[in-house]
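Participant: Mind having a look at this structure? Questions to follow.
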Amino acid sequence: MHPALLIDEVLQLIFDFCADLPKTEPKWTYAQLARCCRAWKDPALDRLWDRLNGVGPLLALVAKQVDEVTSDRSMARIYADRVKRVTHQDGLRNAPAAELLPTVFPRLESLALSFQGCMVPHEWAVSPFLQHVSVNVGFSRDTQEVLDRSNAAARLLHEVNLYAPGLRSLQVRGRMTDLLNAAVASFTQLRSVTIHGNSTLAPETFAAIATLPHLQSLEVHASHVQAEVFTDSLAPGVSCFPVLKELSIRTGGDLVSAILPRLPTGILTKLHLDMDQCVRGPSYMKPVFALLAQKASTSLRDLHIEDRTDLDELDVPSRPEQTPHWYTLDILSPLARMKHLRRFVLRDPDMSDADLETLPKWWPALAHLDLGACDPEVHIPEWKSRLTPVAYSVVAKSFPGLESLSLPALPPTGSGADGQQTMLRSLALGEVPNAPVDAVAMVDTILTMFPDIECLDCPTVEITERFETVVRDRGQARID
């Protein structure tokens with residue numbers, strides 16, 4: 001054996017690379033490495049047992065007898081000490097855990113409970129080193145079974161709150177009973193929270209989350225939470241989310257309008273607004289954007305706006321001047337203050353080629369622009385303007401620092417190309433209807449306008465194959 005393989009830093013680095021092997025190969029590889037020599041045994045076993053997707057392998061060891069090597073410690077204890085991440089999918093009601101008390105996994109850092117796994121005995125789930133907990137109550141035709149899972153998860157979370165003062169991340173999905181709401185609201189040290197409780201997240205729990213002093217990242221479904229109830233659940237004069245940097249929320253404009261004034265200024269860096277359907281159109285969002293600009297004009301870097309309104313269901317009055325507008329440049333205009341914005345996502349805005357020229361004036365640091373992709377099968381209302389192939393020339397001329405792009409229009413083929421931009425690395429296209437005819441001209445035009453593209457994402461095979469062929473040939477020509 002080469003002496004370098006006995007240097008711990010080198011050995012650890014090599015073993016870390018093995019984790020990137022596909023599918024089940026890392027487990028098999030670590031098992032083989034552990035058998036090679038004594039110097040490799042412990043680091044290989046540490047990685048082999050680091051994560052358990054189910055505790056079957058450990059249960060198989062519980063009944064083994066103590067031998068000369070293990071002295072007074074069971075084989076199960078030796079391997080359980082190495083586990084840092086575990087997923088429970090069943091309740092383990094008959095698990096012989098008594099010999100492993102008070103905790104089965106004393107160094108456990110990450111815990112995932114799903115379905116019946118929410119019923120797991122506490123000694124299989126708690127550890128003073130826990131940092132991440134994920135609970136998925138799941139679905140069942142038996143309503144009582146779902147309630148039992150939720151309540152069992154709540155009792156376990158109360159134990160976690162006592163055993164793991166360093167818990168940083170909590171995820172909850174599925175039905176939330178009163179007990180589970182209370183358990184979530186009892187945490188004060190969390191840095192990251194994800195709540196997908198549908199209509200079972202209590203407004204009081206959401207208000208408690210809003211006042212967490214260390215919370216930096218929040219993802220929440222709060223469509224059912226009324227702005228007035230949320231506001232009433234807060235103590236008078238209390239601000240919300242004092243250090244929050246990343247927020248992803250599904251709700252309506254009223255709740256967002258209630259949250260934004262309570263945010264500190266200059267903290268929020270990433271925002272995903274998943275807006276519920278509004279048949280009057282998104283005009284009500286303009287004052288929301290104005291509030292956002294007041295609070296995050298100097299800090300926001302990433303803005304993703306998703307609207308679930310079906311365009312065909314918008315209320316179109318008889319008088320043309322009252323026709324509802326989609327996301328026009330005027331509605332978006334308060335966002336012009338976001339001078340540090342680097343990523344903007346808004347699928348299919350009501351925007352023309354000339355409107356597109358305005359965006360780099362608003363956001364000079366913009367590096368990623370996603371306005372959706374072209375879908376020939378989607379019906380476009382007559383009142384809604386669309387970007388055309390000319391938009392790609394606008395990008396090439398007006399967005400010198402753009403690195404990734406998606407537009408709801410197809411690139412030109414040949415004579416429509418104008419301008420060149422060398423920073424773009426990634427381009428996403430929608431379905432190309434006449435690909436067998438247009439593939440060669442379209443790909444050649446794309447690479448003429450954006451010669452340094454490395455990734456072309458397109459569902460049309462002829463386009464991607466043509467792109468890969470041209471890029472490969474160009475690379476080979478440079479080598480030659």
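Derivation of every value follows stated rules applied to the coordinates shown; laboratory data play no part. Predicted, not measured: the structure shown is a model, and the values here were computed from it. So basically every Cβ, Gly included, is an ideal-geometry build from the backbone, and we count neighbours across all protein chains shown.
Participant: What percent does the relative contact order of the chain come to when contacts are Cα pairs within less than 8 Å and at least six residues apart?
Facilitator: About 6 percent, as a whole number.
Participant: While we're on this one: Between helix 143-163 and the chain, what is the angle of the helix's C-alpha long axis to the longest principal axis, kept within 0 to 90° and rounded to the nearest 10?
Facilitator: Here the helix axis deviates by roughly 70 degrees.
Participant: So what is the calculated 222 nm ellipticity per residue for the chain, using -39500 (n - 2.57) for each DSSP H run with n of 4 or more, over all residues, to the nearest 500 deg cm²/dmol? Numbers along the way, then the final one.
Facilitator: Details: 17 runs with 164 residues, N = 480.
Helix contribution divided over all residues of the chain: -10000 deg cm²/dmol.
Participant: Could I ask something else about it? May I ask what percent, to the nearest 5, of DSSP beta bridges between residues of the range 342-480 are antiparallel?
Facilitator: Numbers: 0 of 12 bridges.
Looking only at bridges with both residues in the range 342-480, the antiparallel portion is about 0 percent.
Participant: Would you work out which of 120, 420, 278 lies farthest towards the positive end of the dipole of the chain? Charges go on Cβ: Lys and Arg +1, Asp and Glu -1.
Facilitator: Farthest along the dipole direction, towards plus: 120.
Participant: Could you give me the percent of Cα pairs per 10 Å distance bin for the range 342-480, shortest bin first, beginning at zero and ending with the bin that holds the maximum distance?
Facilitator: Spelled out bin by bin, the range 342-480 gives 12, 44, 34, 9, 1, 0 percent.
Participant: Let me ask something else about it. Which whole-angstrom value gives the distance between the alpha carbon centres of the range 419-480 and the range 163-231?
Facilitator: 45 Å
Participant: While we're looking at this one, here's another question. Apply the Karplus parameterisation 6.51 cos²θ - 1.76 cosθ + 1.60, with θ equal to phi minus 60°, to every residue of the range 403-411 and state each ³J(HN,Hα) to the nearest whole Hz, in sequence, with x for glycine and proline.
Facilitator: Those phi angles translate into 10, 9, 8, 9, 10, x, 8, 8, x Hz.
Participant: If I model a spin label at residue 306 and residue 228 as a point 7 Å from the Cα along the Cα→Cβ vector, what separation in nanometres do I get?
Facilitator: Distance between label points: 3.0 nm.
Participant: For residue 277 and residue 340 in one chain, what is 0.36 nm times their gap in residues minus the Cα-Cα distance, to one decimal in nm? Before the final figure, lay out the partial values.
Facilitator: Numbers: separation 63, 0.36 × 63 = 22.68 nm, distance 2.93 nm.
Result: 19.7 nm gained on full extension.
Participant: What is the helix-to-structure angle for 38-48, meaning the angle in degrees between its Cα long axis and the longest Cα principal axis of the chain, kept from 0 to 90 and rounded to the nearest 10?
Facilitator: With both axes taken from Cα atoms, the answer is about 60 degrees.
Participant: Set the Förster radius R0 to 25 Å, insert the Cβ-Cβ distance between residue 265 and residue 370 as r into 1/(1 + (r/R0)^6), and round the FRET efficiency to 0.05.
Facilitator: Details: r = 27 Å, r/R0 = 1.09.
With R0 = 25 Å, the Cβ-Cβ based efficiency is 0.40.
Participant: Over the range 342-480, what is the mean sequence separation of C-alpha contacts under 8 Å (at least six apart), divided by residue count, expressed as relative contact order in percent? Intermediate results must be reported in sequence, preceding the final value.
Facilitator: Numbers: 239 pairs, mean separation 29.3, N = 139.
Here the relative contact order equals 21 percent.
Participant: Mind scanning 270/397; 270/361; 245/339 and naming the pairs with a C-alpha gap bigger than 19 Å? Can you show the working numbers first?
Facilitator: Values: 270/397 28 Å; 270/361 21 Å; 245/339 17 Å.
270/397; 270/361, as the Cα separations exceed 19 Å there.
Participant: To the nearest 20 debye, what is the magnitude of the charge dipole of the chain about its Cα centre, counting +1 on the Cβ of each Lys and Arg and -1 on the Cβ of each Asp and Glu? Before the final figure, lay out each step's value.
Facilitator: Numbers: 46 positive and 60 negative charges, 322 e Å.
About 1540 debye.
Participant: Compute the convex hull volume of the Cα atoms of the range 416-480, divide it by the residue count, and report the result per residue in Å³ as a whole number.
Facilitator: Numbers: hull volume 5.6 nm³, N = 65.
Enclosed volume per residue, from the Cα hull, is 87 Å³.
Participant: Next question, about the same structure. Could you state the principal axis extents of the C-alpha atoms in the range 11-57, from the largest down, to the nearest angstrom?
Facilitator: That works out to 28, 20, 14 Å along the principal axes.
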